[in-house]
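Chemist: Okay, here's the structure, questions in a sec.
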């Protein structure tokens, strides 16, 4: 009886405990609500701020509405930690705890510190600069608006280690010389860095060079420059790094306009307009540019045929998008681009027309992760004329007219998912197909003698994966790998005599296939709150372009031949250093030692030299090495004054070349040993804005044999602006303020950079 009594009591107690636990489970599992409002330091609401809550399962996210408010329903925990991020503001972490089933929060964000700005380049997922071991430079919209440089590539020259194939900029140089090099891996016409616009390649599909005016300047929100091998995520073209251009995606109605006029008869204008109606939105980017240019040949060597190198172009970019829920978006974008150039003599001209369409979608599922899909395709026609120039430069004769049509289609798909607050997975696939040709007419003594056609196809596919692990609050490890396969096929050349009857000679090139594995391992240790140590090791590659394989070209009296036997370049490299901040984040900096070796780099190798013609051919060298130190820092001296600068030392040499051992130990062409940049900015909208940008580059060589030296130079740019009303600003800018005449090339004729370019303009920014 007593046992039965005690058993009943125990059963009742046990049932009561189960009921209490079930009640707790129900309360903790389904019925907590977290809400709040996000404001700036002045109390104004911040729309589209992203709120992330870390919990035992997957992260959950939402964004604030136009009143800065947010709500999470049915949170599975009574307390936790959330992270708040918004464009232009520093990330903010806060602990929350529900009382009475609800937590109400009032959150204030401060302006972003440099180390807190968001980038998506380093790991294809949003990561704070202070948490990434990659060497990244951010160029904000504010920086672009305060630089004296007009062209985008000239603004990017403020990044130490950034250079095009030659010193001359995109306004005056042939587009085929506008490939990007980072850290001296070896400039070439084909870019050795991937250039992206919102994740879509900007590199020319046929030749790998970059048309820098294809992106209307007013559409740019920021630019991220990642230095160091990045093929583990971006495949071919990312041999030496990535330049990622992020365009503006406003949540309200915007009209932005920039127009200026300068000497050399240089009018320029750029427009960005955006509007939203419910879930639908549209953006329009327009750009127009013209310059009469200048005579690029040194005054001592000029002849009657030397005329200004001039250019003009336009760009139209239209995007329609629709929101998908709170965190999703689908879009379609169409763009048109055209330019025409005079390349320094009456007969040397070129024209380009590009049409492209892109579609994409971004979608997020709380339990599954974030998905991103892009598809793109387009066509291009590039026309160019080549001449032979007399020794006295008083006459020229047409040697070739060339048309290079190309088409490309491609896609990229990516998935990422956070596992709590300690780990993020990224995986994806890229694919692209390119078709291109070079159709030429050869001339002798002004008459057509033959027709030459060469071209082929290229198909590339790559899969990648990455794991970002936060081992402890002080240790971050990033491990990734990518596998790429590409094939060159349907390639042939045809030569048909036209001056006299004859049979066409057809050469069919064999199909070829190559693969590449690109791993990367990076570590970051937050040694203290203000100092982080970083290290990375990687392999990357670049497949030869159809242009390098099948198209020959001529610049002045230098003929460069194609080579259908080229193989891919492979880079092995590493870097290590430290980043720091001091004085309450008013001083930020980074210093890095880097090293890389490139196997089988493609270079223009001199075959013969005569007084009338230098003949070169693209060949795979044995190996080259680039090693050095780069450092950059920014100091915010006051609310209105900011000073920043960067320095890079490079030791870039040819390690081995069995076919011509005389080249071993020589400097890699177009790579200076020292580069120094600095910027000073004074900004007070109530008075005026003023900025200086300086750039120094030491001596470099224009050729593989180190015979033609380009002397060191220094240029200074400046900009001053004054607000004259709400959203309206007048400005004056100057490039090469001291009118320096510096070397840009020796072929072997000396060419020089432009003198001072002064311009005046107006900038309008209206939002509603």
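Chemist: State which residue is farthest from residue 452 (Cα to Cα) when the search covers only region 471-487 and only residues that are surrounded by 21 or more Cβ atoms within 10 Å (Cβ to Cβ) and out of contact with any helix residue (DSSP H, G or I) (no Cβ under 7 Å at 6 or more places or on another chain).
Modeler: Per the criteria, the residue is 478.
Chemist: Let me confirm something: among 662, 612, which residue is loosely packed, with under 15 Cβ neighbours inside 10 Å, part of a helix (DSSP H, G or I) and at pLDDT below 95?
Modeler: Working: 612 fails: part of a helix (DSSP H, G or I).
That would be 662, the only listed residue that is loosely packed, with under 15 Cβ neighbours inside 10 Å, part of a helix (DSSP H, G or I) and at pLDDT below 95.
Rundown of residues vs (1) in contact with a helix residue (DSSP H, G or I) (Cβ under 7 Å, 6 or more places away or on another chain); (2) buried (at least 20 other Cβ atoms within 10 Å of the Cβ); (3) in the same structural domain as residue 663 (by TED's automatic domain parsing); (4) not in a strand (DSSP E or B), yes/no style:
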{"residue": "676", "(1), (2), (3), (4)": "no, no, yes, no"}
{"residue": "715", "(1), (2), (3), (4)": "no, yes, yes, no"}
{"residue": "719", "(1), (2), (3), (4)": "no, yes, yes, no"}
{"residue": "723", "(1), (2), (3), (4)": "no, no, yes, no"}
{"residue": "737", "(1), (2), (3), (4)": "no, no, yes, yes"}
{"residue": "751", "(1), (2), (3), (4)": "no, yes, yes, no"}
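Chemist: Next up: Which one is modelled with the lowest pLDDT among residues in region 41-56 that are in a loop (DSSP other than H, G, I, E, B) and touching a strand residue (DSSP E or B) at 6+ places or on another chain (Cβ under 7 Å)? Outline the logic, then answer.
Modeler: Let us first name the residues in region 41-56 that are in a loop (DSSP other than H, G, I, E, B), namely 41-44, 46-49, 55-56.
Going one step further and asking which of them are touching a strand residue (DSSP E or B) at 6+ places or on another chain (Cβ under 7 Å), we end up with 41, 46, 48-49, 55.
Details: 41: 72, 46: 87, 48: 79, 49: 85, 55: 60.
My answer is 55.
Chemist: Let me ask something additional. Please work out if residue 207 is in a loop (DSSP other than H, G, I, E, B), at positive phi and either in contact (Cβ under 8 Å) with a residue 12 or more places away in the chain or in contact with a strand residue (DSSP E or B) (Cβ under 7 Å, 6 or more places away or on another chain) (or both). Break it down into steps so the answer makes sense when it comes.
Modeler: Working: in a loop (DSSP other than H, G, I, E, B): yes; at positive phi: no; either in contact (Cβ under 8 Å) with a residue 12 or more places away in the chain or in contact with a strand residue (DSSP E or B) (Cβ under 7 Å, 6 or more places away or on another chain) (or both): yes.
It is false that residue 207 is in a loop (DSSP other than H, G, I, E, B), at positive phi and either in contact (Cβ under 8 Å) with a residue 12 or more places away in the chain or in contact with a strand residue (DSSP E or B) (Cβ under 7 Å, 6 or more places away or on another chain) (or both).
Chemist: Any idea which of 121, 147 is surrounded by 20 or more Cβ atoms within 10 Å (Cβ to Cβ), in a loop (DSSP other than H, G, I, E, B) and modelled with pLDDT of 90 or more? Quick ask: steps written out before the conclusion?
Modeler: Details: 121 fails: modelled with pLDDT of 90 or more.
None of the other options fit; the residue is 147.
Chemist: Can you name the condition, by its number, that residue 755 falls short on among (1) assigned to a strand (DSSP E or B); (2) closer than 30 Å to residue 300 by Cβ?
Modeler: Evaluating residue 755 over (1) assigned to a strand (DSSP E or B); (2) closer than 30 Å to residue 300 by Cβ leaves (1) as the failure.
Chemist: Of the numbered conditions (1) surrounded by 15 or more Cβ atoms within 10 Å (Cβ to Cβ); (2) farther than 18 Å from residue 130 by Cα, residue 641 satisfies every one except a single condition; which is it?
Modeler: (1)
Chemist: Scan region 178-191 and give yes if some residue there is in contact with a strand residue (DSSP E or B) (Cβ under 9 Å, 6 or more places away or on another chain), in a loop (DSSP other than H, G, I, E, B), surrounded by fewer than 21 Cβ atoms within 10 Å (Cβ to Cβ) and on the phi < 0 side of the Ramachandran plot, otherwise no. Spell out the reasoning first.
Modeler: Filtering region 178-191 for residues in contact with a strand residue (DSSP E or B) (Cβ under 9 Å, 6 or more places away or on another chain) gives 178-191.
Filter once more, so that each one left must be in a loop (DSSP other than H, G, I, E, B): 178-179, 183-191.
Applying the additional criterion that residues be surrounded by fewer than 21 Cβ atoms within 10 Å (Cβ to Cβ) yields none.
No.
Chemist: Here's something else I'd like to know. Taking the residues in region 442-460 that are surrounded by fewer than 17 Cβ atoms within 10 Å (Cβ to Cβ) and assigned to a strand (DSSP E or B) as candidates, determine which candidate is modelled with the highest pLDDT. So that I can check it myself, show each step before the final result.
Modeler: From region 442-460, those surrounded by fewer than 17 Cβ atoms within 10 Å (Cβ to Cβ) are 444-449, 451, 459; that's our starting set.
Next cut, assigned to a strand (DSSP E or B) only: 444, 447-449, 451, 459.
Values: 444: 85, 447: 89, 448: 92, 449: 91, 451: 91, 459: 96.
This residue is 459.
Chemist: On the given criteria, is residue 490 surrounded by fewer than 17 Cβ atoms within 10 Å (Cβ to Cβ), touching a strand residue (DSSP E or B) at 6+ places or on another chain (Cβ under 6 Å) and on the phi > 0 side of the Ramachandran plot? Spell out the reasoning first.
Modeler: Working: surrounded by fewer than 17 Cβ atoms within 10 Å (Cβ to Cβ): yes; touching a strand residue (DSSP E or B) at 6+ places or on another chain (Cβ under 6 Å): yes; on the phi > 0 side of the Ramachandran plot: yes.
Taking the combined requirement at face value, the residue satisfies it.
Chemist: Report, by residue number, each residue of region 256-270 that is in contact with a helix residue (DSSP H, G or I) (Cβ under 6 Å, 6 or more places away or on another chain) and either farther than 15 Å from residue 313 by Cβ or not in a strand (DSSP E or B) (or both). Talk me through it step by step, then tell me what you get.
Modeler: Here is the first cut: in region 256-270, the residues in contact with a helix residue (DSSP H, G or I) (Cβ under 6 Å, 6 or more places away or on another chain) are 256, 258, 270.
Matches in region 256-270: 256, 258.
Chemist: Can you tell me which residue in region 230-262 is farthest from the chain's Cα centre (by Cα), limited to those that are surrounded by fewer than 17 Cβ atoms within 10 Å (Cβ to Cβ) and at pLDDT 95 or above?
Modeler: If we take residues in region 230-262 being surrounded by fewer than 17 Cβ atoms within 10 Å (Cβ to Cβ) and at pLDDT 95 or above, then 261 is farthest from the chain's Cα centre (by Cα).
Chemist: Same structure, new question: Go through (1) modelled with pLDDT of 90 or more; (2) out of contact with any helix residue (DSSP H, G or I) (no Cβ under 6 Å at 6 or more places or on another chain); (3) over 24 Å from residue 577 (Cα atoms) and name the single condition residue 654 misses.
Modeler: Only one criterion in (1) modelled with pLDDT of 90 or more; (2) out of contact with any helix residue (DSSP H, G or I) (no Cβ under 6 Å at 6 or more places or on another chain); (3) over 24 Å from residue 577 (Cα atoms) is unmet by residue 654, namely (2).
Chemist: Have a look at 515, 495 and point out the one that is assigned to a strand (DSSP E or B), without any contact (Cβ under 8 Å) to a residue 60 or more places away in the chain and over 29 Å from the mean Cα position of the chain (by Cα). Let's see the steps before the verdict.
Modeler: Values: 515 fails: over 29 Å from the mean Cα position of the chain (by Cα).
Among 515, 495, only 495 is assigned to a strand (DSSP E or B), without any contact (Cβ under 8 Å) to a residue 60 or more places away in the chain and over 29 Å from the mean Cα position of the chain (by Cα).
Chemist: Only residues that are more than 24 Å from residue 204 (Cα to Cα) and under 27 Å from the mean Cα position of the chain (by Cα): list them for region 369-395, please.
Modeler: 369, 370, 371
Chemist: Tally the residues that are assigned to a strand (DSSP E or B) and under 24 Å from residue 395 (Cβ atoms), restricting the search to region 302-323.
Modeler: Matching residues across region 302-323 total 2.
Chemist: Something else: Looking at the structure I just gave you, is residue 682 modelled with pLDDT of 95 or more, buried (at least 17 other Cβ atoms within 10 Å of the Cβ) and in the same structural domain as residue 298 (by TED's automatic domain parsing)?
Modeler: Details: modelled with pLDDT of 95 or more: no; buried (at least 17 other Cβ atoms within 10 Å of the Cβ): yes; in the same structural domain as residue 298 (by TED's automatic domain parsing): yes.
No, not satisfied.
Chemist: Looking at region 326-340, is at least one residue modelled with pLDDT of 95 or more, within 22 Å of residue 293 (Cβ to Cβ) and in contact with a helix residue (DSSP H, G or I) (Cβ under 9 Å, 6 or more places away or on another chain)?
Modeler: Yes, the conditions are met somewhere in region 326-340.
Chemist: Filter region 563-603 for residues that are assigned to a strand (DSSP E or B) and over 25 Å from the mean Cα position of the chain (by Cα); which is surrounded by the most Cβ atoms within 10 Å (Cβ to Cβ)? Quick ask: steps written out before the conclusion?
Modeler: Start the filter on region 563-603 by keeping residues that are assigned to a strand (DSSP E or B), which leaves 569-582, 587-599, 602-603.
Pick out the ones that are also over 25 Å from the mean Cα position of the chain (by Cα) and you get 581-582, 587.
Details: 581: 21, 582: 12, 587: 17.
Checking each candidate, the answer is 581.
The values are calculated or read from the model by the stated rules, or taken from the named source; none is laboratory data. It should be emphasised that the depicted structure is a prediction, and the values quoted were computed from it without experimental measurement. Please note: Cβ atoms are built from the backbone with ideal geometry, for glycine as well, and neighbour counts cover all protein chains shown.
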